[in-house]
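One structure is given below, encoded as C-alpha cells.
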Amino acid sequence: METEPWYEEGLRFLCTRCGNCCTGAGTVRVDEAEQGLLAEHLQIDLAHFQKRYLRSLPDGKSSLIEKPNHDCIFWEREQGCAVYAARPRQCRTWPFWRANMATKGHWDSAAQGCPGMNAGPVHDAESVARTAANDGTSGIVPDLQEWT
Ligand code: SF4
Ligand code: SF4
C-alpha cells in the first residue's frame with residue numbers, strides 16, 4: 001500500500017522576491033533546451049551564450065556562472081532576475097525540489113533561507129509531487145545533518 005507523503009495536506013508558498021535564492025552561492029543547472037530559451041531571450045546565438053554564461057559541473061552538466069560576489073549572473077539588485085521569463089526550470093520549481101521534499105526536516109531547513117515557504121496559498125500534494133519529480137536539479141538529497 002502506498003503511504004501518503006509527509007506533505008499530504010499540501011504546502012504553503014508565495015515568493016516574496018527577496019532574492020535569497022539568486023544570491024550568495026549555488027548551482028543553477030541549465031539543460032540544452034533551457035540554454036536555447038535563454039539565448040533566444042537574450043537575442044544571442046547559442047554558442048555565444050554557452051561561452052559567456054555557462055560553467056561545467058563535475059557530472060558533465062552545465063550551470064549558469066556567478067558574479068564575483070557569488071550572485072547569479074542574471075541577478076540585478078535593483079530589478080531582480082534579468083531573464084525572468086526564460087529562467088531555468090530549477091528556478092521555476094523552487095522550493096518544491098526533491099532535496100526539500102525528502103523529509104519535513106529538509107523542508108524546514110530550506111525554509112530558514114526562504115521567507116516565501118510556509119506562507120501564501122496552499123499547493124496541493126499532487127502538484128508538489130509532480131513539480132518535485134521534474135525539478136531540474138541533480139535530484140541528490142543531502143544528508144540532513146549536512147543540510148542544516
Ligand atoms: S528565497 Fe524564497 S521568497 Fe526569496 S526570492 Fe527565493 S523563492 Fe522567493
Ligand atoms: S536565473 Fe534568475 S531566477 Fe534563476 S537564479 Fe538566476 S537570477 Fe535567480
Lone unmet requirement of (1) open to solvent by 70 Å² or more (accessible area, probe 1.4 Å); (2) within 13 Å of the chain's Cα centre (by Cα); (3) of a type in the set (S, T, N, Q) for Q90 | (1)
What residue, among those in region 114-126 that are touching a residue at least 12 places away in the same chain (Cβ under 8 Å), more than 17 Å from Q90 (Cβ to Cβ) and outside any strand (DSSP E or B), is most open to solvent (accessible area, probe 1.4 Å)?
-> D124
Single unsatisfied condition, E32 versus (1) more than 16 Å from ligand 1 (Cβ to nearest atom); (2) within 14 Å of the chain's Cα centre (by Cα) = (2)
Residues of region 71-92 satisfying the condition of being outside any loop (DSSP other than H, G, I, E, B) and either within 15 Å of ligand 1 (Cβ to nearest atom) or in contact (Cβ under 8 Å) with a residue 60 or more places away in the chain (or both) = C72, W75, E76, G80, C81, Y84, R89, Q90, C91, R92
Among (1) over 13 Å from the mean Cα position of the chain (by Cα); (2) surrounded by 13 or more Cβ atoms within 10 Å (Cβ to Cβ); (3) among the hydrophobic types (A, V, I, L, M, F, W, C), the one test that A85 misses | (2)
Just one of (1) on the phi < 0 side of the Ramachandran plot; (2) surrounded by 11 or more Cβ atoms within 10 Å (Cβ to Cβ) trips up E4, so point out which.
-> (2)
Set P68, P95: member being touching a residue at least 40 places away in the same chain (Cβ under 8 Å) and either part of a helix (DSSP H, G or I) or not polar (S, T, N, Q) (or both) = P95
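Residue by residue, here is whether (1) at pLDDT below 95; (2) under 21 Å from N134 (Cα atoms) holds:
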{"position": "G26", "(1), (2)": "yes, yes"}
{"position": "Q35", "(1), (2)": "no, yes"}
{"position": "L38", "(1), (2)": "no, yes"}
{"position": "L54", "(1), (2)": "no, no"}
{"position": "A85", "(1), (2)": "no, yes"}
{"position": "R89", "(1), (2)": "no, yes"}
{"position": "F96", "(1), (2)": "no, yes"}
{"position": "A102", "(1), (2)": "no, yes"}
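Could you check how many residues of region 7-30 are out of contact with any Leu (no Cβ under 8 Å at 6 or more places or on another chain), part of a loop (DSSP other than H, G, I, E, B), closer than 19 Å to S138 by Cβ and open to solvent by less than 60 Å² (accessible area, probe 1.4 Å)? So that I can check it myself, show each step before the final result.
Of the residues in region 7-30, the ones out of contact with any Leu (no Cβ under 8 Å at 6 or more places or on another chain) are 7-26.
Next, from what is left, pick out any that are part of a loop (DSSP other than H, G, I, E, B): 7-10, 14-19, 23-26.
From the residues that got through so far, the ones that are closer than 19 Å to S138 by Cβ too are 24-26.
Still in the running and open to solvent by less than 60 Å² (accessible area, probe 1.4 Å): 24, 26.
Summing the residues that are out of contact with any Leu (no Cβ under 8 Å at 6 or more places or on another chain), part of a loop (DSSP other than H, G, I, E, B), closer than 19 Å to S138 by Cβ and open to solvent by less than 60 Å² (accessible area, probe 1.4 Å) in region 7-30 gives 2.
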What is the residue count in region 93-108 for residues that are more than 13 Å from ligand 1 (Cβ to nearest atom) and within 16 Å of A25 (Cβ to Cβ)?
-> 1
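The values are calculated or read from the model by the stated rules, or taken from the named source; none is laboratory data. Here the structure is a predicted model, which is why all the values come from computation and not from measurement. Ideal geometry is used to build each Cβ from the backbone, glycine not excepted, and the neighbour counts take in all protein chains shown. For accessibility, only protein heavy atoms count, side chains too; no ligands or nucleic acids. Shrake-Rupley method; radii C 1.70, N 1.55, O 1.52, S 1.80 Å.
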